[in-house]
Structures are given as structure tokens and as C-alpha cells.
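Here the structure is laid out as C-alpha cells; the discussion comes afterwards.
What follows is calculated from the coordinates using simple rules that are stated; it is not laboratory data. Since we're looking at a predicted model, the values are computed, not measured. Positions of Cβ are generated from backbone atoms using ideal geometry, with glycine treated the same way; all protein chains shown enter the neighbour counts.
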There are 2 protein chains.
Amino acid sequence: MEEAAARGGENSGSDAAVDGVSAIIPGWFSEMSPMWPGEAHSLKVEKILYQGYSEYQDVMVFQSATYGKVLVLDGVIQVTERDECAYQEMITHLPLCSIQNPKKVLVIGGGDGGVLREVSRYSSVEQIDICEIDKMVVEVSKQFFPNLAIGFEDPRVNLLIGVAFLKNAPEGTYDAIIVDSSDPIGPAQELFKKPFFETVCMALRPGGVVCTQAESIWLHMHIIEDIISNCRQIFKGSVKYAWTTVPTYPSGVIGFMLCSTAGPFVDFQHPVHLIDENDDLNKSMGPLKFYNPEIHSAAFCLPSFAKRVISSKAR
Amino acid sequence: MEEAAARGGENSGSDAAVDGVSAIIPGWFSEMSPMWPGEAHSLKVEKILYQGYSEYQDVMVFQSATYGKVLVLDGVIQVTERDECAYQEMITHLPLCSIQNPKKVLVIGGGDGGVLREVSRYSSVEQIDICEIDKMVVEVSKQFFPNLAIGFEDPRVNLLIGVAFLKNAPEGTYDAIIVDSSDPIGPAQELFKKPFFETVCMALRPGGVVCTQAESIWLHMHIIEDIISNCRQIFKGSVKYAWTTVPTYPSGVIGFMLCSTAGPFVDFQHPVHLIDENDDLNKSMGPLKFYNPEIHSAAFCLPSFAKRVISSKAR
């Protein structure tokens, strides 16, 4: 509890009913962070299902009253069963529907398996590498989130634990790289810096695409500006920002930075591939819950306050 | 505090530091409701600025740490200075940019003045009637939210307090009616029922448009289905659902029901009027913060789970 209180900064409650859950509302989990000062989002806890401390972070799973099971890393909600479809489908299909016939895909982070599940819908894909730093996330997902961890069951998936692979990633190899990271405090902070984007760029084929989690236009415009500046220097193709709704993420939205390398032009806003719901792979996965071609294009339309900042930097 | 606790249903805290603020986190305001069971959103309170009980509801204003001043009715956030632009601009410009040269506009609810402020941007508008049930909301807004209440300063505005006007609204009069209501529990519940929509329909000219607050696709699909069913029976023109992001509303989104009466066809998704930022009226109001033509069209693109329900009912 001491750690959680220190991390939240504002958390001075002392009457926690359940060990490991926020001290703020007895029996509720509350998310507070310096990343979104002055506000908190809370979910009612039915039962704590898991609590552990990996080499990198605190890992918790609880059954919530109204959002299904919830995965929490370092006190921050990563996934709820009720709204994970929005994040997983958008971070995957925004890049993969923007190119023809992706064959080799790399997922960085994403240890819960949800992005893998979505990549698996593409029959053109031959190889799916996933590089996750924390094996506890993978194990916990396999135990508690079968609808996410199903992604690991695809025989095309090659799981690599640790960071060594990324540093020596094969050059010019991937059609698409998806960076499913947590926030830029804690273990994921390197994934928001220039050297990381340079590595990603090197690992992509000409005209290859990357999609990275890129925070909230309501809360983190300064972080977004930095990401765009870095990406614009490194990626010589398209550099675009998209966003979507995820109720359990701070401010209720999450953004995505989409970039392509020098090579064939990628028009991110207009998908060239339509996911075929009649495809055998898709039938076995069930229908998409969130993504469709219209929501793909709409995701690139920004409110004016964000457009003024982002359009001047993106291309 | 007893009332607030009873309303929240889940609120069993007892260590409120500030009278009138949620008992849940000392020094924080927490929003809980049967409308979104099992979750709460909390803002840190710097200072309670106002607390009163009108004939209809509890009215509170507080200075938050990071969202500016906040207006709360019956324990539910209506407006924060930081994100009000999204709601006010979308609920106003979605309908008004969908028709040519609106002249007579009726606002129902909206006692804070924010919608009036946005309607005032149209030089074609000759008459703006506003029918608000609760004069305390108007008074409180004039005292604490000058950037919203500025809407009342427009000489075209005609303020009517009470419900009598609405019941005897002149027939076939308005080009557009904007229903800026709170949730369908409490004083606004009539504004979600069939007789109300019939009154609205009668008050519109042929091809006139209405835009009503229509809850969250993540939380209230059953309410939305009911609204659409009612509207489809009553409005013989277009019936469309749109949505946008508002971080301090439950689930981070809010929807809008847009309907037109029998008469000239209204294509809500493709605005026919572009707000001219060089117009003298707009210059004095300052630039739009949220709305633009792209975000107008994008607001009608729905996630698949919502599209499957809504598209079968809307037209």
C-alpha cells in the first residue's frame, strides 16, 4: 500500500479494505498517476484474482463489478474485458489495413496477447514475432484472460522474452511493427525515445508501417508533440496521428502514432485492405467488435485544438 | 451527504473532509450513479465555490485542481472549463451546420449558456429562445462561468424559465431545436420520452432539425435504442446518431440524436454550412476549440458493436 500511495502522489487514504487495492475507496480500485494529476477513475472490485511483483512491475488482476476482469500494471489499468476490443482492434488494424498483404509482423509489448489475436485474423501473415519484456504478463494473461491469450495459440507466433531481440532486430524485415506499450513512466519509457524509433525504422522494410500507443490528446499533448517530432525526423514516409475511445483509459481516449518508412507511399487514412469477416480465420475469432473501415478513417479526424498542434508537425 | 450517498448507491464512506463533496475521497469530488454502476470518476477539489438546492436539484460549483471550475447537478458533472468545448460545440454545430441559414433556434435546457454561446456564432440567426427549467443554473453560471454565460449577452436571446413554454411551443416555427439535457433520471427524464419528441417535432418547420443529448454507446445502449425507436416513429426525415469525446462524462463519450422533420432532406453527416472564422461574430467569440467539418462527419462513424444496433434502427 505504501508504494501505491507514493506513486499516486495524492493518495492519503488509510482505510483500505482489501490489501493491494487502492486505499481510496474501500473495496474499489482507484487509478491515480502523475500522468493525469487531479483525477482518478475507480472500479468496484468483486475479487482480487492475482497480485505479484515481477522483475519490472506490480502485476494485479481483479474481477470488477461491471467491466469484467481487469489487468493492472504498476497501478494503471491496461485491459478490461469490457472495453479491450477498442484498443486491441484499433492498434492492430489501423496499420495492417493500411498495407497490402502483410507477411511479417513484430509486436513489441502486448504480452497480454490481445494484439496477437487481432494480427491472427490476417491470412497473408506468415510470421508474428512478439517481444515482451515481462514474462509474468504473459503468464497472468494465459491464466486469467483466455480471450486475449488466445493470440498465443496461433502457430505463426514466436514469443521472445526480454529486450535483447529488439536491440538486434533484423534490418528491413517487417511489414508492420505494433508497439503496445504502457505509459512513458516505468519499464516502457524507452519506447517513447528516439533510439527506439530508430531501431523500429531499421527493422521495417521500405514502405513498412509502425503503430505505437501515443497517449491522450486531452492530457498529454506535450508528449505527443515530442513523439511526432522524433518520428518526423526518423520516418521518411507518412507520419499521422489517430485516436479512439477507451473508457477505462485516462480521459477516455487513447492515441496512435502511425508512420511509414521511405518506400511505397502509405495513405493511412484510407485503408487498402478490408478484413473479410467470411475468412475462415476471422470466423474462428468471431466478428470484430469495434473496428470497421469508417471508424478507421474517422480516427484520423482531430478536434481543432489538437489539429492545430499535430497538423503542423505530422505529414 | 446522506442524500449523495443514497444516490450513489455504493457510497459508504464516512470521512468526508469537505461538506457537500463526496464522502469517498477526502478533498475530492466523486461521481457515482446507478446510470454507471461499479465505476466512479473523481476530481480533486481546490475549493467549493457554491452549493445550493433549487426547486429541482442540488447545484454545486467547485474549483478543481486540473479541470478548472466544475458545475455539478444532483451529483453529476455537467460542465468543466477544461473540456466543455467538446460538448457545447458538437451539440450546437452538428445540427446548425447541417442546414442553410438557420433563423430561429430553440434551446431546451442549457441553462449554463454554453450552447447559446455557440448558436451566437451564426449571423443568419435572428431569434434564440431558451427554455430552462431551473433559474438557479442560469444564476450560478452567470456568477461562476463567464465563458459560458456570455451566451446570454447576445441580444437575440430570449430566456424563458419553466416548462409552460415548451408545452405550448408555437408550431412549425423553429429551424433547429437543441436539447441540452441532463440524464434521464431526475428533472430531465421527460426529455427522453415520446410526448416530448412529439412536441419538438411540432415546433420545427418542415426540414427542421433537432439535436438531443443521447448518452453513451459504452454504457447506455438500451436507452439509445429507445430514443432511436421513438424518434424514428415521430421524425419522418433523417434519424442519425453521432458521438464525441468528453473526458469528464461517464465512459468519456457522449452521444447526440439528430433528426429532421418531413420536408427538405437533411444529410447530417455532410455539413452544408462552414463556420466562417473570419465572421465578425466568430472573431469576438474566439476560435472554435473542438468542432471542424472533418470531426463533424467523423462523429457519425460508429464502432461495430454500436453500428449493428443503431444502423438497423436509424435512417
How high is the relative contact order of chain B? Use alpha-carbon pairs under 8 Å, at least six apart in sequence, and give a whole percent. 15 percent
DSSP-defined beta bridges in the protein assembly as shown - what % are antiparallel, rounded to 5: 65 percent
Whole-Å distance, taken between Cα centres, linking the range A:260-315 and the range B:271-286: 31 Å
Measure nothing fancy, just the Cα-based angle from helix A:221-234's long axis to the longest principal axis of chain A, in degrees from 0 to 90, nearest 10. 30 degrees
Once each part is reduced to its C-alpha centroid, what is the distance from the range B:187-251 to the range A:67-113 in angstrom? 33 Å
Give me a comma-separated list of calculated 3J(HN,Hα) values for the range B:46-52, in order, Karplus coefficients 6.51, -1.76, 1.60 applied at θ = phi - 60°, integers in Hz, x for any Gly or Pro. 7, 6, 7, 9, 7, 8, x
Run through the other copies and list how far each one's label point is from that of B:Lys193, in nm with one decimal, shortest first; the point sits 7 Å from Cα along Cα-Cβ. 6.2
Spin-label model distance (nm) - A:Leu160 vs A:Arg308, 7 Å beyond Cα toward Cβ: 4.3 nm
Would you please give the residues with an amide H less than 5 Å from that of B:Asp58, counting only those at least 5 places away or on a separate chain, with H modeled from the backbone geometry? B:Asp74
Express the C-alpha Rg of the range A:36-130 as a ratio against the empirical globular expectation 2.2 N^0.38 Å, rounded to two decimals. 1.28
Two-site label geometry, A:Glu198 and B:His273: point separation in nm, points 7 Å out along Cα→Cβ: 5.3 nm
Counting other beta carbons within 10 Å of each residue's own, what order do B:Lys142, B:Lys194, A:Lys104, A:Lys283 fall into, fewest first? A:Lys283, B:Lys194, B:Lys142, A:Lys104
Could you tell me whether the range A:83-313 comes out rounded, prolate or oblate from its Cα gyration tensor? Rule is a ≥ b ≥ c as square roots of the eigenvalues, rounded for a/c under 1.5, then prolate if a/b exceeds b/c, otherwise oblate. rounded
Rounded to two decimals, what ratio of Rg to Rh does the protein assembly as shown give with C-alpha atoms and a Kirkwood Rh? 0.97
Between B:Tyr53 and A:Glu190, what is the FRET efficiency for a Förster distance of 41 Å, r being their Cβ-Cβ separation, to the nearest 0.05? 0.15
For B:Lys283, the lysines lying under 27 Å Cα to Cα, once residues fewer than eight places off in the same chain are dropped, come out as A:Lys307, A:Lys313, B:Lys69, B:Lys103, B:Lys104, B:Lys142
Count the DSSP beta bridges whose two residues both fall in the range A:130-267, then state the antiparallel fraction as a percent rounded to the nearest 5. 60 percent
Intensity falloff of the range A:94-154 expressed as log10 I(q)/I(0), Debye formula with alpha-carbon point scatterers, at q = 0.15, 0.20, 0.22 Å⁻¹: -0.43, -0.71, -0.83
Using the 10 angstrom Cβ neighbour count as an exposure proxy, how do A:Ile295, B:Ile150, A:Ile177 rank, fewest first? B:Ile150, A:Ile295, A:Ile177
Fraction of beta bridges assigned by DSSP in the range A:83-313 that are antiparallel (%, nearest 5): 40 percent
Degrees separating the helix A:135-144 axis from the principal Cα axis of chain A, which is the longest one: 70 degrees
